[in-house]
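The values are calculated or read from the model by the stated rules, or taken from the named source; none is laboratory data. These numbers come from a predicted model, not from an experiment. All Cβ positions, glycine included, derive from the backbone under ideal geometry; neighbour counts span all protein chains shown.
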Amino acid sequence: MTSPDRRTRATIVGVGPGDNGFVSLKAKQAIENADLVAGFETVLNVIRPFVTNAEICSMAYRNQEDVLDYAVDKVREGKSLVVCAWGDLNVSAKELLDRVRRRVDYVDLIPGISSVQIAMSRLGISLEDVVFITLHKRDGVESALEELVYYLKDGRRNIILLPSPYDLMPADIAAGVIEKGVPADREMTVFQRLTHEDEQSWNGCISECAAITTEFSDLSIMIFHRPDSE
Ligand SMILES: C[S@@+](CC[C@H](N)C(=O)[O-])C[C@H]1O[C@@H](n2cnc3c(N)ncnc32)[C@H](O)[C@@H]1O
């Protein structure tokens, strides 16, 4: 006699950078077929039109553990769960992935389009010419900043950096790297809210970025251009 399979699973989907035209068909199908759809409110707003019957489990930074516990309890009762991540789930989304992995036996991953890919498309640069660094994490920000300075001085690649809202934003980062001896005239771009209706792009050199006093969006991405690509 075989016992029923009690192993739990969840699907994590990347929902893209904001415009829901970038949600993949696979992600859309998973959301349409789910019993529960969990994610941060801004992420859920992207895919809300694709939710058919699912119970929506909206998470905030403070209650995310409780919401995931609730959703996984429902998985144990036989419900299917889709957890939504911003952009692509393989780009700076480790903490959310780990939270889900700690709770279920199997995780299916459906990748999405990252803000990093959109930024590269806007600038016409290729992944092989890029170093990617994120400050969007709780641990290891100091070593990420050291790497940033190292690769800026190395000068062989474009550097794509995700700032840390709102602790380390573009102007502070620019001022910080100048202090560490990076040439202040290096060209850079800051994109805000890529693919949203109010998308913005700023271009200039590092010293000009350091002088900006207006607030940047939490959806900001910085690109330091490779010197020979200017
Ligand atoms: C927790 S990380 C998640 C990144 C996501 N997994 C991705 O692939 O885009 C969130 C950060 O990604 C960047 N980001 C995400 N979407 C963005 C957008 N539409 N425009 C600009 N930056 C964005 C911002 O730096 C934001 O603070």
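Take the conditions (1) surrounded by fewer than 17 Cβ atoms within 10 Å (Cβ to Cβ); (2) in contact (Cβ under 8 Å) with a residue 60 or more places away in the chain; (3) touching a strand residue (DSSP E or B) at 6+ places or on another chain (Cβ under 6 Å); H196 misses just one of them, which is (3).
Give the residue, chosen from V46, V37, that is within 13 Å of the ligand (Cβ to nearest atom) and not in a loop (DSSP other than H, G, I, E, B). Explain how you work it out, then say what you get.
Details: V37 fails: within 13 Å of the ligand (Cβ to nearest atom).
Of the residues listed, the single one that is within 13 Å of the ligand (Cβ to nearest atom) and not in a loop (DSSP other than H, G, I, E, B) is V46.
For A119, the requirement of being part of a helix (DSSP H, G or I) and under 18 Å from G16 (Cα atoms) is met. Residues of region 183-219 that are acidic (D, E), under 22 Å from Q117 (Cα atoms) and part of a loop (DSSP other than H, G, I, E, B): E197, D198, E199, D218.
Given L152, L161, L148, which one is closer than 26 Å to E215 by Cβ, in a helix (DSSP H, G or I) and either within 16 Å of the ligand (Cβ to nearest atom) or among the basic types (K, R) (or both)?
Details: L152 fails: either within 16 Å of the ligand (Cβ to nearest atom) or among the basic types (K, R) (or both); L161 fails: in a helix (DSSP H, G or I).
Just a single option satisfies the conditions, and that option is L148.
Only residues that are near the ligand (Cβ under 10 Å from one of its atoms) and outside any strand (DSSP E or B) were counted in region 123-145, giving 3.
One line per residue, one yes/no per condition, for (1) within 12 Å of the ligand (Cβ to nearest atom); (2) modelled with pLDDT under 95; (3) surrounded by 19 or more Cβ atoms within 10 Å (Cβ to Cβ); (4) of a type in the set (D, E):
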| site | (1), (2), (3), (4) |
| --- | --- |
| R186 | no, no, yes, no |
| E215 | no, no, no, yes |
| L219 | yes, no, yes, no |
| I223 | yes, no, yes, no |
